Amino acid sequence: MTKFAQDNRIPFATFADLTQNPEVRRLIQGEVDKVNKTVSQVESIKKIALLPRRFYEEEGDVTPTMKVKRRHIEERYTDLIASLYKG
């Protein structure tokens, strides 16, 4: 997202700013829409949320090889994840 913003001269002060920017959100949604065209309806992504921060090893978000620690992320963002599944 940072590179996209810089390449497109989108001003931002923080990573969180980027996640709220309409152009960035359209870019991400567009990529999700492209992927959704290649999978069945049941497999498609219905809702997305852009997290206001990057994942860091020091905070337990990822392993030293940058693999996401899903359980940790699920615990940290329980309410947000639940909101994506509400009707």
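Every number here is computed from the coordinates shown, using simple stated rules; none is lab data. Just so you know, these numbers come straight off a predicted model, no measurement behind them. Glycine gets a Cβ as well: all are built from the backbone with ideal geometry, and neighbour counts include every protein chain shown.
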Conditions (1) touching a Lys or Arg at 6+ places or on another chain (Cβ under 7 Å); (2) surrounded by fewer than 12 Cβ atoms within 10 Å (Cβ to Cβ); number of the one not met by Pro22: (1)
When the residues of the range 54-72 are narrowed to those that are touching a strand residue (DSSP E or B) at 6+ places or on another chain (Cβ under 9 Å) and among the hydrophobic types (A, V, I, L, M, F, W, C), which ends up nearest to Thr19 (Cα to Cα)? Phe55
Quick count over the range 1-46, residues being part of a helix (DSSP H, G or I) and either among the polar types (S, T, N, Q) or within 22 Å of Ile81 (Cα to Cα) (or both), is 24
Residue that is nearest to the chain's Cα centre (by Cα), among those in the range 68-87 that are loosely packed, with under 10 Cβ neighbours inside 10 Å and of a type outside the set (Gly, Ala, Ser): Arg70
